[in-house]
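Contents: one structure, followed by commentary.
What follows draws every value from the coordinates through simple rules; no lab data is involved. The shown structure was predicted, so the numbers you read here are calculated from the model rather than taken from an experiment. Methodologically, a virtual Cβ is constructed for each residue, glycine included, from the backbone with ideal geometry; neighbour enumeration extends over all protein chains shown.
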Amino acid sequence: MVELALDAYSDAWQIVHKIQAIYIRSESQAKFTNITSSPNDIVITTPFLMEINNMIGEFNICIPFSMIEPLYELLTNPPVEKMKQDGGVWMNGWVKQVKYSELELIANLVEHPTRLSNILKLQEGDVIPIEKPERLMVHVDCVPVLTSKYGTLNGQYALRVEHLINPVVNAQEEEQNHE
């Protein structure tokens, strides 16, 4: 398992710089790894969580900062030429991952401002009058993304999308219309 993890770790670094991660020894506490010449040297640890059947374990890969320091400029400011070459690959990967990300759409049917004293007086069977809104605003992480109408479809409650209000989505629609 450790060899597989180290191979995957080496593969992940391929984009930045070719490295070969090898197993040297293990330590139960990362702070006791003692892989540098001085106890004051900085060590970068990368935690991994492993699950095998019902067993869960964690391990860290530790690298002295002195090994990463020569790559610092490359990590913080990648070359423009390489970005142009790899940009499409990265962008396509991000787009695929974002497309399959799960989001929680929230559409509040009604908000009814009231006082806590009124809520405390409520009893079983009481009715709170509300007015069904004409349109609902649908949010993702408190960001409005669309307006919709409330109704039913095939015996289930439903929302009919009227307008996408996310500027990114609107820009994509405009691009598609111009193509």
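Give me the extension gain from Val143 to Asn92: residue separation times 0.36 nm, minus the current Cα-Cα distance, reported in nm with one decimal.
On the way: separation 51, 0.36 × 51 = 18.36 nm, distance 2.45 nm.
Separation in residues times 0.36 nm, less the Cα-Cα distance, equals 15.9 nm.
Between Tyr157 and Asn40, what length comes free when the chain is fully extended (0.36 nm per residue of separation minus the Cα-Cα distance, one decimal in nm)? All intermediate terms of the calculation are to be shown ahead of the outcome.
Values: separation 117, 0.36 × 117 = 42.12 nm, distance 6.19 nm.
Gain on extension, Tyr157 to Asn40, equals 35.9 nm.
Apply the Karplus parameterisation 6.51 cos²θ - 1.76 cosθ + 1.60, with θ equal to phi minus 60°, to every residue of the range 34-44 and state each ³J(HN,Hα) to the nearest whole Hz, in sequence, with x for glycine and proline.
Here the 3J(HN,Hα) series is 6, 9, 10, 6, 10, x, 8, 5, 7, 10, 9 Hz.
Which distance in nm do the two modelled labels at Leu49 and Ile130 give, with both placed 7 Å along the Cα-to-Cβ direction?
Inter-label distance under the simple model: 3.5 nm.
Could you derive backbone 3J(HN,Hα) for the range 46-61 from the dihedral phi with the Karplus parameters 6.51, -1.76 and 1.60 (θ = phi - 60°), listing whole Hz in sequence and x where the residue is Gly or Pro?
Those phi angles translate into 10, x, 10, 10, 10, 10, 10, 6, 9, 9, 10, x, 10, 9, 10, 9 Hz.
Please list 3J(HN,Hα) in residue order for the range 107-121, calculated via the Karplus relation 6.51 cos²θ - 1.76 cosθ + 1.60 where θ = phi - 60°; whole Hz, with x for glycine and proline.
10, 7, 5, 7, 10, 10, x, 7, 9, 4, 4, 5, 5, 5, 7
Between Val43 and residues 5 or more places away or on another chain, which pairs have amide H atoms under 5 Å apart, with H built 1.01 Å from N, and which residues are they?
Distant-sequence amide H within range of Val43: Phe65.
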